[in-house]
Amino acid sequence: MDLDHDACYRAVETRDARFDGRFFTAVKTTGIYCRPVCPARTPKRENVVFYPAAAAAQEAGFRPCLRCRPETSPDLGAWRGTSNTVSRALVLIEAGALDEGDVEALAERLGLGARQVRRLFQRHLGASPVAVAQTRRVLLARQLIHETCLSMAEVALAAGFGSVRRFNETFQQLYDRPPIALRHSRPQPTPVPGAVSLKLPYTPPYDWEALLAFLAPRVIPGVEVVADGTYARTIGIGGAKGFLMARPAGNDRLAVTVRFPRLQALPAIIARLRRLFDLAADPLTIGAHLSRDAVLAPLVAARPGLRLPGAWDGFEVGVRAILGQQITVAAAIRIAGRITAQYGEPLDEPVPGYPTLTRVFPSAAALARADLSALPMPRARSSSLSALAAAVAADPRLFGPRASLEEAIATLCRLPGIGEWTAQYIAMRELREPDAFPAADVGLMRAMTDDAGVRPDATALAARAESWRPWRAYAAMHLWVAEGDRTKVASNPRTTPTRKVNHVDRGTA
């Protein structure tokens, strides 16, 4: 990807934080690459070259700066939004696709050829998929060295290195020193015994209050808690169980604490956390685009840091969606709590400070074996849950990224009990499709009622939303939040007081 040299250099000269994560500056005379906000003396213009990703700088032979620590920059690229294929590929790489397979397997999951995937990565990131995966591994390891008390062997395991020897060789080659030399001081131990605490960066602004307001009424009893500005939940991966907590930490960071018995699962957990809290969003770019619309402009101005709440697990959000069809959020959550209490596995030890977190959400295999007909819901809905569980148990990648949004929606709609709205909702929250849009949603149609009191139907709303591409999912969130706000937005007299809105196939999520 071509970056404007003069514009990038001006950002470096002024240390403009708006460009942090959008590109990296490589200094030819030192062999080091930095963030635009690096406090070191600004290098001469003729001595620098700019890269759209850290992986591109490392693949070109530059090593990370020890002062500005590129691993702590927001995961944001100037290319984001220009290639949905690369975005989907990065989601898969974050989830470990290249740890358990090769580029050919990655390309197959994207519906492309391996050569085309490599070409897209070179065009948009300036690096190969393998280089991106390796750079993520190295930068995560370095962050663990700085921010945790893990031993070097534990860091190697947690960052995804196959062996401690490979870990040591990589750091010696990249930094010209062993990894232990990068730990200048021993970090303070986490207040939760056996847990790992990290700070995950994001690009400001970030409306944490609005995100918690969305999650709070949807917490599943025994599984999740929202309290005192913190989100906490139990987690289960591969039969192992643990928990996590997240809260704002200042300096555009989210503090997360994870206790899980398998350190090698940490990269996948971090990837899920980033999607759950939408940490890779570019609020300035999204807001600028949506603000072109007269209705959305005041909503974006009122909440410029609004994020798209993600989901911890695709199967869990699928169950939530089916349960919520045609009933209130509270009723759906009560049933989800009963399912968890009956079929979810108990934690091996209590969660400090959160005694109500007792079980992990049931696995697809567990619900596929269960008789759900006794639950307080129509038999058709319990049958849909059983069918969904059986489908996910047979294909654990069912909720993984697809080649396109259209393919993802078509795949989901083939599942019993999942219609167009539910599929679009799952695509928004789990597949992280920024252009997913449930046009048939009652709340969205109500929010778009015009001054004459005319409410658009699904077809009219979909046509109106064409100008919001490729950020229609964020437009939907702004409309939902505005519809739910108790106070009116002064510049938009159509905003109404809070009312309960059914959200999934004219149900709730």
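Side notes on the structure shown:
- Charge dipole of segment 6-80 (Cα centre as origin; +1 on each Lys and Arg Cβ, -1 on each Asp and Glu Cβ, all else neutral): 200 debye, rounded to the nearest 20.
- Positive-end extreme of charge dipole, the chain - chosen from Ile339, Cys8, Ala213 (charges on Cβ): Cys8
- Note on segment 314-420: dipole from Cβ charges, positive end direction compared against Phe399, Pro378, Gly417; the farthest Cα belongs to Pro378.
- When you count the other C-beta atoms within 10 angstrom of each residue and take the mean per peptide, 252-264, 101-113, 186-198 line up highest first as 252-264, 101-113, 186-198.
- Between Arg469 and Arg177, the FRET efficiency estimated from the beta carbon spacing at R0 = 35 angstrom works out to 0.15.
- Per-bin percent of Cα-Cα distances, segment 107-244 [10 Å]: 9, 26, 29, 28, 8, 0
- Model label points for Thr42 and Ala390, set 7 angstrom from Cα along the Cα-to-Cβ axis, are 6.6 nm apart.
- Assigned charges on the beta-carbon of Lys, Arg, Asp, Glu; segment 141-300 dipole about Cα centre (debye): 580 debye
- A simple rule links phi to the HN-Hα coupling: the Karplus curve 6.51 cos²θ - 1.76 cosθ + 1.60 with θ = phi - 60°, which for segment 306-322 gives 5, 10, 9, x, x, 9, 6, 8, x, 5, 4, 5, x, 5, 4, 5, 5 Hz, with x for Gly and Pro.
- Where labels lie 7 Å past Cα in the beta-carbon direction, separation of Asp457 and Ala255 in nm: 5.3 nm
- Sorted peptide list for 453-466, 278-291, criterion being average Cβ within 10 angstrom, highest first: 278-291, 453-466
- Geometric descriptor of segment 314-420, per residue, is 124 Å³ (volume of the convex hull of the Cα atoms).
- Förster radius 56 Å - calculated FRET efficiency between Arg18 and Ala374, Cβ distance, rounded to 0.05: 0.50
- Gain upon complete extension [Leu284, Glu209; 0.36 nm per residue less C-alpha separation]: 25.2 nm
- The chain - percent relative contact order, Cα under 8 Å, separation 6 or more: 12 percent
- Linear extension gain, Ala301 paired with Ala105, 0.36 nm per residue minus alpha-carbon span: 66.3 nm
- Between 0 and 90°, nearest 10: helix 472-484 axis offset from the chain longest Cα axis: 50 degrees
- Unit charges on C-beta of K, R, D, E only; dipole of the chain, Debye: 660 debye
- Orphan Cys of the chain, criterion: no other Cys C-beta under 4.7 Å: Cys8, Cys149, Cys413
- Estimated FRET transfer efficiency (Ala114, Glu407; beta-carbon r; R0 30 Å; 0.05): 0.95
- Quarter of the Cα convex hull surface for segment 282-333, i.e. its orientation-mean projected area (nm²): 5.2 nm²
- Cubic angstrom per residue, convex hull over Cα atoms of segment 1-189: 120 Å³
- Computed from the alpha carbon positions, the gyration tensor of the chain leads to an equivalent ellipsoid with semi-axes of 37, 28, 21 Å, biggest first.
- Each peptide among 132-139, 364-371 gets the average number of other Cβ atoms lying within 10 Å of its residues, and from highest to lowest they stand as 132-139, 364-371.
Any read-out appearing in this document is the output of simple, stated calculations on the displayed coordinates, not a laboratory observation. Here the structure is a predicted model, which is why all the values come from computation and not from measurement. Virtual Cβ from ideal backbone geometry, glycine too; neighbours counted across all protein chains shown.
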